[in-house]
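To start, the structure under review is shown below, and the notes come after it.
The values are calculated or read from the model by the stated rules, or taken from the named source; none is laboratory data. On a predicted model such as this, the values are computed, not experimentally measured, just so you know. Reconstructed Cβ throughout: ideal geometry from the backbone, glycine too, with neighbour counts over all protein chains shown. Keep in mind that these areas ignore ligands, DNA and RNA; they rest on the heavy atoms of the full protein, side chains included. Shrake-Rupley method; radii C 1.70, N 1.55, O 1.52, S 1.80 Å.
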Amino acid sequence: MNPDSTWDEMAASGIVAGVRSIFLDRTGSTNDDALALFAGEEPAPLLVVAEAQSRGRGRMGRSWFSSPGLGLCFTLLLTPDLAPEQVSLTSLAAGVACAGAIRQTCGIDIGLKWPNDLIAGDRKLGGILCETAPLKPGDAVTVAVGVGINVNTDILLMDPEIRGRAISLAELAGRKVERGPLLYALVESIISEVRELADTGTAPLIEKWRKRDWIKGRKLTWMTADGREIIGIASGISHDGFLMLRDRDGTTMPVISGDIKLLDW
Ligand code: BTN
């Protein structure tokens with residue numbers, strides 16, 4: 001990490017951790033911007049950072065609250081050399097990478113809620129939304145890794161229904177957190193974790209993710225894609241990155257698609 005990397009210097013140079021970067025005051029969604037730039041022939045890697053998003057989104061159509069000057073909203077566009085079955089693991093790799101960067105810059109250990117939430121003190125600190133660009137013939141897959149983190153965010157400004165379950169890094173650290181070095185470390189760490197996934201395979205990533213698994217042992221409902229609700233206990237993630245759910249009959253199954261809802265959170 002470069003501890004001297006300030007926000008203003010990186011914005012002025014247009015480079016963060018060696019990656020060409022665009023800093024915006026306001027946009028719809030940095031994921032949309034990155035994917036549109038890629039469709040318009042801008043090559044990856046590319047970083048799009050925004051202070052405010054009017055259509056910031058998370059998984060399952062949820063919205064993401066942005067906090068200009070205080071939070072962190074960015075999308076890192078990467079073309080990793082991943083096998084097709086590894087592409088969906090980019091989200092888990094980004095989670096492990098964010099945890100590492102936060103540990104490195106703030107000294108705070110966070111948990112991961114499958115598949116894409118960053119958790120601290122049993123509250124949501126951030127989220128990750130990975131989306132793949134439409135495949136161009138003969139090309140490798142390009143992934144937009146969207147990250148939102150409550151850094152110095154004023155949680156009281158959030159919608160009442162999410163406020164009770166949200167937390168910021170500043171609240172955890174008991175001080176204001178510099179966003180520049182954090183952004184630098186996050187970008188560097190995501191690139192390195194996704195590269196390791198491509199180079200060494202899935203096993204080391206799954207092992208690291210399991211050490212930060214925050215929902216293992218918790219009771220949850222799985223709303224399946226075909227509209228069923230299955231109640232069970234999270235029993236960890238499989239070797240290929242699926243959340244495993246043990247239902248009331250003791251049957252263990254992978255959560256393949258749909259949404260999960262924790263019953264005690
Ligand atoms: C989630 O909590 O489900 C994921 C939230 C991801 C939010 C980030 S903010 C930057 C990027 N742009 C978006 O529109 N979403 C992601």
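Give the residue that is nearest to the ligand (Cβ to nearest atom), with candidates limited to residues of region 117-148 that are under 15 Å from Arg62 (Cα atoms) and among the aliphatic types (A, V, I, L, M).
Restricting to residues being under 15 Å from Arg62 (Cα atoms) and among the aliphatic types (A, V, I, L, M), the top hit is Leu129.
If you check every pair at least six apart or on different chains, which have Cβ atoms under 9 Å apart with a residue in region 24-41 that is in contact (Cβ under 8 Å) with a residue 40 or more places away in the chain and acidic (Asp, Glu) first and a residue that is open to solvent by 40 Å² or more (accessible area, probe 1.4 Å) and outside any helix (DSSP H, G or I) second?
Asp25/Pro68; Asp33/Ile22; Asp33/Leu24
Pull out all pairs, ordered by first then second residue, where Cβ-Cβ is under 6 Å, the residues are six or more apart or on different chains, the first lies in region 200-225 and is surrounded by 15 or more Cβ atoms within 10 Å (Cβ to Cβ), and the second is in a helix (DSSP H, G or I) and among the hydrophobic types (A, V, I, L, M, F, W, C).
Partner pairs satisfying both residue conditions: Leu205/Ala93; Leu205/Leu197; Lys208/Val96; Trp209/Leu92; Trp209/Val96; Arg212/Ala99.
Please enumerate the residues belonging to region 44-88 that are outside any loop (DSSP other than H, G, I, E, B), hydrophobic (A, V, I, L, M, F, W, C) and at pLDDT below 95.
Of everything in region 44-88, those that are outside any loop (DSSP other than H, G, I, E, B), hydrophobic (A, V, I, L, M, F, W, C) and at pLDDT below 95 turn out to be Met60, Val87.
Out of everything in region 215-265 that is of a type in the set (Lys, Arg) and under 20 Å from Leu118 (Cβ atoms), what residue ends up being modelled with the lowest pLDDT? Outline the logic, then answer.
Taking region 215-265 and keeping what is of a type in the set (Lys, Arg), we get 216, 218-219, 228, 246, 248, 261.
Subset that is under 20 Å from Leu118 (Cβ atoms): 216, 218, 261.
Working: Lys216: 96, Arg218: 95, Lys261: 91.
So the residue we want is Lys261.
Test of understanding: among Leu46, Leu78, Leu70, which residue is away from the ligand (no atom under 13 Å from the Cβ), hydrophobic (A, V, I, L, M, F, W, C) and open to solvent by 50 Å² or more (accessible area, probe 1.4 Å)?
Result: Leu70 is the single residue among Leu46, Leu78, Leu70 that is away from the ligand (no atom under 13 Å from the Cβ), hydrophobic (A, V, I, L, M, F, W, C) and open to solvent by 50 Å² or more (accessible area, probe 1.4 Å).
Please state which of the following conditions Arg57 fails to meet, knowing it meets all the rest: (1) more than 8 Å from the ligand (Cβ to nearest atom); (2) closer than 19 Å to Cys98 by Cα; (3) open to solvent by 10 Å² or more (accessible area, probe 1.4 Å).
Here Arg57 clears every test but (1).
Whether any residue in region 21-33 is within 20 Å of the chain's Cα centre (by Cα), part of a helix (DSSP H, G or I) and not polar (S, T, N, Q) is what I want to check.
Yes - at least one qualifying residue is present in region 21-33.
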